[in-house]
Structures are given as structure tokens and as C-alpha cells.
1. Would you point out which residue out of A:611, A:586 is farther than 30 Å from residue A:721 by Cα and touching a helix residue (DSSP H, G or I) at 6+ places or on another chain (Cβ under 6 Å)?
2. Just to be sure, is residue B:321 crowded, with 19+ Cβ neighbours inside 10 Å, within 24 Å of residue B:225 (Cβ to Cβ) and over 18 Å from the mean Cα position of the chain (by Cα)?
3. Tell me, which helices (runs of 4 or more DSSP H) wholly within the stretch B:175-233 include 3 or more residues that are farther than 20 Å from residue B:308 by Cβ and within 18 Å of the chain's Cα centre (by Cα)?
4. Among residues belonging to the stretch A:193-212 that are touching a strand residue (DSSP E or B) at 6+ places or on another chain (Cβ under 7 Å) and within 16 Å of residue A:74 (Cα to Cα), point out the one that is surrounded by the fewest Cβ atoms within 10 Å (Cβ to Cβ).
5. Quick one: count up the residues across the stretch B:20-29 that are touching a strand residue (DSSP E or B) at 6+ places or on another chain (Cβ under 8 Å) and at the interface with chain A (Cβ under 10 Å from one of its Cβ atoms).
6. Hey, does the stretch B:267-289 have a residue that's outside any helix (DSSP H, G or I), over 14 Å from the mean Cα position of the chain (by Cα), surrounded by fewer than 23 Cβ atoms within 10 Å (Cβ to Cβ) and touching a residue at least 12 places away in the same chain (Cβ under 8 Å)?
7. Those residues that are part of a loop (DSSP other than H, G, I, E, B) and without any contact (Cβ under 8 Å) to a residue 60 or more places away in the chain, I need them from the stretch A:566-582; list them, please.
8. Out of B:424, B:436, B:416, B:456, which single residue is touching a helix residue (DSSP H, G or I) at 6+ places or on another chain (Cβ under 6 Å) and either within 26 Å of residue A:747 (Cβ to Cβ) or in the same structural domain as residue B:324 (by TED's automatic domain parsing) (or both)?
């Protein structure tokens, strides 16, 4: 395979369109004559029986076409992806504030808005639970408890020199994709619908629509151009809005648009799952962690959504980047009266890692050593067994860790910080190292498959369709690179088509950091099939030998490494005339992976991604505010096929993780009502709050891995570097107030910092 | 009818005067480059440029179009991304592409427009200004480091920007299309509206809060624009007082030389107040009548001992304007016309403090301003203290001020003042913090005033 060196900075045609405002998102699509606007009437109480509901007056409002209730659903009133436990429209009971009850279909948005206020509803309140531990105590679980066991932790604690126990909390996180949830749909012939959806999972939308409308999947076409951000929030939950638009158009036979207002989106959709966790950690004399027990209480919200799967990934990552020979990890997905929580970059992994990092930090402080001493002594090595049975190969944990320590010159940094803290009364600095080890693949083995469709047109241009969705992660440029690479032609010849379920069926969602790997391999396979038929035509046409090696380099034919001065375009035109197949459907299923849920053992990941970040923070101990001075990291990218995209993912993930750990605070009151319900009350990082310096070095490894072009997945892993910011800030608080009772409760907002600085 | 120029096109529209410019450009003119992110001015996805005459000079500012009422577009130049696009990328767009400053692309246009406003604005000259121009733009994919690189490229480029004939330079270098040359002349031919009072109308300043809270109502109501009334736009020094027109924006206030000379730390203080696009729209009087318990400029002006004058010529102290939560000492027909504050003497110290979840572009958990005069014996000769987030309205800490007046600053006095202060506030628990936190924070920010005044406050560390 011939690689072109400029590829690792390839940008693609997408970005020039973005900066000109020409990229099209759902709400930018020109609407057709007669389009109906849909507004959702949703629950204002978190748990209740609906005693009565009256929308007669609302339906008579000028401009209202029809108001839909659960009774109007022709198929099944069910949108649950993993477990069928979630109605599209509430029927008789509501289980969270923001749950959809009625759909108002109107000539315009204003009319719908007016009608909204004319709906009369009476509730009979039921008990509201917002805390996962309370739900657990009452036996309210969304799915059965899961347990991963390695060795024998309870026996081993008896032999440990140090044993510590504690509790941690991590809050949720609002996705805040800048483009809100939405869909546009219209009815097509033969009882069918076509839906333009802002979704990470086109097939999930298709399947859900088919179920709710009571039609076959081939009656439902889903098309996705791109998303204005997804981050997991549109993996499963976009199906709701796609289905709403589809239902309205299916019944009314008029195009229907449902795009959420930001406050509706925040109120109705689920977020990253909050977790409450208990841990017990045991170490020997040499600070080797011998045993670890952890119990997770995941706040799943009112329906399963993806929570059971997220829970599983929490277990997979409960020991982060460390080898611990005796582990018992138990996880409960608890049912509460909050919007169903869902996927968010990291997918339960960050929540699991936070606990082990807190356990190590607590142990270090009790023993009187720096936490990094414990971290370093317990890093994973080749041949270590993980709690789920996978054996570590091609481990880069120690290399990333030591590279970061060197890069930051840890011993002199430590002294600088001590000196700074001694000389500044109201400013204190803290630092923390955060190693990561993240498994790549969907943990649900079935999902690790992908298809792609590649057409070469008679003028030599190429169209590529995949099952992946471009949402800012740089999938499309990377797919163009893969196709260009495989075909030996220029990237400008290749166009990425929209993601459409009639062109590429049975797609896995764009998630689990795996989209580029899976779809890239499928594109590569399709291109190879075209090469096979095309090259055999060439051999015939040019009367070459069967053994001759035919390839294209920059669109010029090479035979056995010799240029033939014949262009791609010319040969494609001839191949078509000679009736050669110039289209192919590629397929890929990740080899070697497996997982047996009955034993909770297997080899679920095609590979792991490693890295370590060091974070230094400064706390203003008068005001309780903080800044991140810098983050230095060494990250295992394999062999990056696109450095610009990868650095964007790394920095973006890091900052999103810092947001989760610092300022992003989701606040529900005890009635399950969201108080942080707008951008004015829920704050995500702005340009002033990011680290002053971010310096991420690629650990460039040539090891064989299953990543496409050996360029490892880069979407989720860097988010977990943000956990380092939590500990750096916390350490600065302790430098000011060593007796602080500050708990391991994230995010570490300015409120928690100030209270921590001055409590006794 | 409202008349203005949208990009290169003259617009005369009968659309509701209270509807937003965002809806007009996206849904009536189908210019979909401008995105909708939040409709409350907090994300910047809908950022556009607005050209208007200030002191008879055409000035372009970036604003969030979701908050701008259509009536405020009268006689202005509204510029969307479609209005700067040319065949090739502009240098701003090129810088964003070259530094990979775009990922999902949804926030990108907002950044492009803000940075275009930066290169157009004669008063903005360096990297710090470039970053300031995008302080109201949120990127959730958080390519901020890449966007910083784009800002760096552009701040280097504008080192060559001449101070005269700037527009020609901008056009020659393709930052702007040619048609910009004719805009000033075209705009001058459009009449600014008549500012006759309409009693039925909802009065709009910058509408930066009304359009968040009451968007639907404003859209359906008769509205009257106070924002562009020239008589409400003045900044004057008269004897020992500063007299401000009620519609002076926070940006105009903070950029004024007269004001800059009075407050040496003004830029530091103003940086804590919302964001550039909001400051470009929000009026001072609007902040006062909004009566938000955490209004930043209200806290600021209460500590300046400011007064307000209504159209009825009635004059009251700003600190006496508030009677309860969103309750004002103001009749239906009264409109604030002037804001007056005495110029602090050269020995006077003024400070503004604010803490929120995010340091910038956020609403305070607690804010406070302090004006203080201390003599050589450390005796407090004059003190005005205000605080937001600790009462149902912006609070003048009268008991604390009375307690401190004529006292010599000492640890004991400050400790006792804190006790007095805690008795006159009653913060509530909400999304911005618990009661306990807000009380502690108020103490800390009170002490921060004194620390800024170089008083030792080490006693709080124990």
C-alpha cells in the first residue's frame, strides 16, 4: 500500500464549507410547502398518574392541525433500544419531568406555542426518587446487577498492609451539542417515510420508526448529512425526535419538522449518568495494589436507554490503567425519576476511572506519599490479566507515563509548586497525573460490524457511502483518505455521501470511538473489491501477466513499480465500456473479539489506547476560583493518519473532560425538576477557561493493531485526562487547608472549592 | 415598516418589530449560515455584525442576533456570513481552516463573524483583543486551542492594517467584499426612526434580557425602540459629575475615554461582565430596570452612588430604586433618561468583584462593588458597598457602610463589619449556589475589596 505523506494533514472539503456557512444541518434544509411544525407537550411532574388530560380547546386554536396522544400511534408505543421500557408518548403515567405526552402539529411554531398553554392536565403525584442509592434500596433497578471478579479480593485484604475505604460521587454532564435534537420527515410512496435526522444512529432511528408506525424497516429511509455535535447524546435519544417527525408525517401526509428549542432539549433529554460509588483498596508494603472492591450505583433515570451498556463499560474500566490481581466490581443501574440518562463520550468509562483514582489519591494521602508513586508502581504491563479476562498486549502504559513525567520534569515541577505555595498566601497550585487505558470496540460484540458502498463513476470520480455519521470527529476526511489510499487516487476525486439507510443498511451507531475503524475497514474492503475487478480488466486490456503488480499512484498506473503513463480516468472509462464492475459493497467485522456475559470474561476489545496527562492548576484561595495552568500529555495514537484531526479530538476531549470535572454542574431539585435548564445556568468551558497551555505529544508506535491504517481511535480516550484537573484543583485546596474535609465529589465547582478552602 | 441593509440588499419589511433579527435572516431571508444554538445570547452561534453610526462614524460590532429585535435594525447594516463570503475564503475563514479551528462546524460561523468584526475594528489591535472578540462564542467540540491559533494568525495580519482608509485595505485583502464601500452612503439615506413616545408600547433597549425572558410577548407586542434615540446615547462630564444617557451600552461605557480615565481597572472589571456581543447591545438603564438581583452593572453603579433621572425629571438614587423582587420605584410611564454619578476623587478606591461557576460569560453567584476613601490614619472617610445575589434585588449594604464609616480599618473592625453584613443579607439556595456558599463568598469578596486596597487580611487563614 502506498501512503502519501501529505495525508496526515489532510483537511478535506468539509471545513471550507463550515467556515462559509454552507454546511447543512437539519434546521437548514429548505422546507417543503405545507410543512407541519411539531411541538412537544411534556410532563411537569417527575412521577405521577395522569388523572385527566383535555386538549379540546388547544386543538381548536387557529393554526393547529392535530394533537397526537399515545392513542394515535399505529404501531407499538415503544422506543426502548436495549430494553423495551420507554413509551414514545406517556400513556397513563409519567416517569420524569420533560417526558413527552402529546404532540402538537401546527401550521407554524407560534400557533403550536399558543396551543401548548391551553392544554389542561391533572396529575396524581407518585413517589419521586432522584438518588440512585435510594432507588437501589427500594429494589428499583433498570437491569440485573453485574459483577466482574478477578482473583479473590476479600481474602487478599487480610494480607494487605494498607486498606482504605471510601465513597465518591460524579455528577452528570449535559451534552450541549450546539445543534439541538431535531428531524424533518415526509411521507413517501407505499406507506413509507423519509427522515432527515440529526442522529448518530441512523439504523436506531429506522428501527424505532418502523416499530412505532407498525411498518417494515424497508418502509423507513433515514438520511443524515452531519451533526452539529453529538457526543453520545444523539446515539439513542435522537430516535425520539426522528420518530415524532415520522409519526406526524405518516398520519397527516404532510412534511413534518421537529427541532427542539435549547431549553426543551435540556429538559427532555438524558445526560451522562451520575454515579455514586463505594470502594475498598488494599496495598502492600511496596505500594502494590493487591485488592480492589468497588460498587457502582449508576443513576439511570426513568428508562434503560443505553444505561445497562454504559454500566458494563464502567466495569471494564474500573481499574483504569492499573494491574490489580484481585478485583470484585459490582454495578447497579438504578431507576430514578430523571430523564433517561444516556451515552456521553467515554460511556461509563470515566465514571469508573474516577473511583479508582480517588481510591489511589486517598490511599496516598493516608500513607503520606504522592499519588503518582502509587500510580506508577501499578501500571499495566504486557501479559497482565484485566478483570474481564483480556490479556494485555502491546502495552504502552509505562512509556506514556514516563514520557509525560519527563516532559513535565516532575521533580523540579514539584519543587516549583512547593516554593510557590510557600510564598503565596492566597494562591495555591496543585498537580495531578492521570494515566488512561481505554478499550476500543463496542462492548456489545454484535455492533462491531460495518458496511460501505463505493461507486467509481465513468469520469473517474468516486462516491463513498458509509454507515458512519460525521459529527465533527473528522470521519469524512478520514474515509476520503482511506479510499484515496486504497485506490491510489487524489482525495479531490472522492466525495463522501450522506449517511443513508437505503445505501448502507444495518449500521452501528457512530459511537464507541470505533466509527473510523469499522467504516474505514469497510471502505477499504470495498475499494479492494473494485481494485480486483478493475485491475484484472487492466491486466487483460494491457495484456499483462497474472503475477504483475498493478496499482495507482496519484492516479497514474504503475505496473511492477514502473509508471505506465496511463491515467486513472482513461482506464476507468475503458473499463466501463468493457463492462467491468466499478461499484462494491465493503464489509468488516472486527476479528478476534468476544465476550461471554454469563462468565463476564472474554476479549471484548480489539485494542487499548494508552496515555498519561499531567495537569497543574492554580486556585485563588480568597475567591475560590481556579485556572488550569497547563496540561502536558503523551498519548498513544498508533500511527496517526491525520494529525490535525487527531489533535483536535485530543484537545477537545480533554477540555470536555475538564468541563465535566470542574464547572459543569447539573442541578435537579428533589422533585426531579432540572434547575440548570439553560445555558445561563449550565456552564461549559469558554475560551478563557481552558488550560493556558496544552501540549500533547503523540506516542507514535508502529505496532500492528486492528485500527484502520494503524491509526488508533481517538474520540473518547482523551476525555478522561480531564479527571486530572479535578485532582490538581483538589490538591491546591489541600495546600491551603490541609485539614479540609473536601470529599471526592465531582465536579469541583467554585462553590466546592471555596467551601473546601474554609471548612475545618 | 423597518428599513435597513442586509448584506448588500436594502430591506423594507413589515415583519413584527419585536421579532428577532435571527428569525428574520434565517426563516424569511433563508440565510441559514447563521445558526440557532440557545436563543439566549449564551452560545454565539447566531453572531452577526451590525454596522451603525456612533459619533457619526460607521462602526461594526458583533452581536447575537437571537436577542436583537428587528426594530433595532432600522437604518443599520446587518452582516451575515453570506455577506462576507467571496469566491475564495476570506483571510478569517482561511485562518480558521488552516488552524483546524472547526470540527462539527455549528459554532464556526459565529467565530468567523466575531473575528471578522475584530479585523474590521480600528480600536482592536492585538491578540488579546482578538480573543476578546470571541469571548461570547462557545465551541462544544472545544477546538479553542486551534481557534486561538487562528486568532493569532489574524492579529499578526492586522499589524499591517492602516489607520486611514481601513475599509479599502480590508477590501483589497479580501476580508470584505467590494460592496462594503458603498454602504455608508446608502445607510445615510435611510432615516433613523422617529422617537415619539407610544404609551402602549413595550420599551426596548438592547433587549438582551427581555428577549431571553419574554421573547414570545415582545414578538406579539407593539414595541418602541429606545436603543437608538440619540438623546439617550451621550456620555458627558458636567462639573464634578458624569452624565450618561440611559441607552449607553456597556461597551460604549467601558470604551469611553472619559470613563477609562476615572477607573484604572475598568477593563479588568468589565471583562467579568457577560461577553463582548452582549456588552455591545446591553444598555446600562436596561440592566437597572431589569432589576435582576445579580445585575453586574447595577451593583457597579450603586457603589458609585449613582442617581437616575426619569423623563418626568424625577431623580432618585439608584440604591433606592429597588423595592422588592423585580419591584421598582417607577410608574408605568416613567422611563430612565439619564444616569448620573459623582466623579470619585483621585484618592478614592473603587473595586468590583464577581464569582460565578465560569469566570466569564456567566451570571454571578455573588457580585459586589466597593467605593472607599481612606485617610492617612486608615480611617474610612467614605464608603459605598453593594452586593448582588444576596437579596431579592441588587443590594446596597447600608448597615455595613454605616458601621464602617469613620472607623479605622483593623482586623476587628472588618470582622465586626462582616457580622453586620451577614445580618443585612438573605441569600437563597438556587442553581448558582447554596445559601451557605453565598454567605461565605460574600465575606470573601468583601475582604477581597480590602485586599485589593492593600489591607492585610491574613487573619482569615487559620
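1. Sole residue among the options that is farther than 30 Å from residue A:721 by Cα and touching a helix residue (DSSP H, G or I) at 6+ places or on another chain (Cβ under 6 Å): A:586.
2. The answer is yes for residue B:321.
3. B:210-213
4. A:210
5. Total meeting the criteria: 0.
6. no
7. Selection gives A:578, A:579, A:580, A:581.
8. So the residue among B:424, B:436, B:416, B:456 that is touching a helix residue (DSSP H, G or I) at 6+ places or on another chain (Cβ under 6 Å) and either within 26 Å of residue A:747 (Cβ to Cβ) or in the same structural domain as residue B:324 (by TED's automatic domain parsing) (or both) is B:424.
The values are calculated or read from the model by the stated rules, or taken from the named source; none is laboratory data. The structure displayed is predicted, hence computed values, not measured ones. Neighbour counts are summed over all protein chains in view; Cβ atoms, including those assigned to glycine, are modelled from backbone coordinates with ideal geometry.
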